[in-house]
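Only the coordinates and a few stated rules stand behind these numbers; no lab work does. The structure displayed is predicted, hence computed values, not measured ones. Reconstructed Cβ throughout: ideal geometry from the backbone, glycine too, with neighbour counts over all protein chains shown.
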Amino acid sequence: MLMIKERRPAIRTLRGWAISVLQEAGAIRECEEHGWMQDRADPHARERALAAARRDPPDDVSRDEAVAEVCDVLDSIGDTCPECPPEDHGVNP
Ligand SMILES: [Zn+2]
């Protein structure tokens with residue numbers, strides 16, 4: 001189940017779409033404990049997500065807007081969960 005913490009509800013739909021594209025591509029993942037999205041820093045996954053956004057944007061959104069939103073989400077997501085202790089990252093599979 002998705003649990004996405006949202007700070008800008010006005011663009012929740014497009015943002016939620018961008019997050020799902022990034023998740024499907026494996027560019028981000030969700031912290032299992034806290035639900036925060038984490039950037040996996042995988043350039044190939046990012047390319048896949050951007051290609052998917054370009055190929056299949058939401059109905060009422062242009063390709064440029066869709067790609068821009070995916071980039072914006074990537075920019076806004078850190079590579080660690082803000083609630084996880086830093087020592088716990090990068091060690092577990
Ligand atoms: Zn966490």
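Report yes if Gly26 is out of contact with any strand residue (DSSP E or B) (no Cβ under 6 Å at 6 or more places or on another chain), within 16 Å of the ligand (Cβ to nearest atom) and within 25 Å of Pro85 (Cα to Cα), otherwise no.
no
Pull out all pairs, ordered by first then second residue, where Cβ-Cβ is under 7 Å, the residues are six or more apart or on different chains, the first lies in segment 31-52 and is on the phi < 0 side of the Ramachandran plot, and the second is more than 16 Å from the ligand (Cβ to nearest atom) and in a loop (DSSP other than H, G, I, E, B).
That search, which allows pairs on different chains as well, returns Arg40/Gly26; Arg40/Ala27; Asp42/Gly26; Asp42/Ala27; Ala45/Gly26; Ala45/Ala27; Arg46/Ala27; Ala49/Ala27.
Take Val67 and decide whether it is crowded, with 18+ Cβ neighbours inside 10 Å and either out of contact with any Cys (no Cβ under 9 Å at 6 or more places or on another chain) or part of a strand (DSSP E or B) (or both).
Considered against the rule, which asks whether it is crowded, with 18+ Cβ neighbours inside 10 Å and either out of contact with any Cys (no Cβ under 9 Å at 6 or more places or on another chain) or part of a strand (DSSP E or B) (or both), Val67 comes out as yes.
Looking only at segment 34-59, filter to residues that are of a type outside the set (A, V, I, L, M, F, W, C), within 16 Å of the ligand (Cβ to nearest atom) and farther than 11 Å from Gln23 by Cβ; which one of those is surrounded by the most Cβ atoms within 10 Å (Cβ to Cβ)?
Checked segment 34-59; the qualifying residue surrounded by the most Cβ atoms within 10 Å (Cβ to Cβ) is Asp39.
Looking at segment 31-41, which of its residues are of a type in the set (D, E, K, R) and more than 17 Å from Asp72 (Cα to Cα)?
Glu32, Glu33 - these are the residues of segment 31-41 that are of a type in the set (D, E, K, R) and more than 17 Å from Asp72 (Cα to Cα).
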